[in-house]
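Nothing in this text is a laboratory measurement; each read-out follows from the coordinates by a stated rule. It should be emphasised that the depicted structure is a prediction, and the values quoted were computed from it without experimental measurement. Backbone-built Cβ (ideal geometry, glycine too); neighbour counts: all protein chains shown.
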Amino acid sequence: MGPPRDEPVDAAGHDEFLRLFTSVQPALRRFVGYHFPSGREQELEDVLQETALVLWRKFGQYDPARSFTSWALGIAHFELRHSQRALARAPLALDERTSELLARRTAEISPGSERSQNNLGRCLDKLDPRSREALSLYYEKGLSTQQIADAFRGTANMVRILLFRTRQSLARCMANTARQEAGGTG
């Protein structure tokens, strides 16, 4: 498609930016939201707004041959770190490595699965903190069930059961949400 553009964005570029930004906005919200615990919604909104401004300012440098989602998530990642350092805020919920992994994985989400990803996020929010932590340790950090058991002061079998039940709960929640969206009652 060509090299990055250095010229100012014209009206057609403005329309293209809005189209691309609108399509990536849910993924950005989800990605940035993973970094803030409940009660820090204003900080989340501030980071999203600053990310949008930076994306707009740098849109002339965006390489159309590259994924806009990946580019936008990379900028959001840097804005998260900048906001944490510049304002000396409480630490973000995710460490640097997990945040980078999450940005890559979020960029891989196809537009057709956006609704499912949003539903999964809502279902994850319904889990108790211990179940969410177990999932995070197992899937994001790659810890074994024995390592998680050590952290939880339990047994590996207890962790396997917890993960199994948590996955079942997520599957039920996702199925119920899909039924409700299809017009059924739940």
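What the table below lists for this structure:
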{"read-out": "Environment charge at Tyr138 (Cβ cut-off 14 Å; Lys +1, Arg +1, Asp -1, Glu -1)", "value": "+3"}
{"read-out": "Value in Å of the Kirkwood radius, where segment 113-186 supplies the Cα pairs that are averaged", "value": "13.2 Å"}
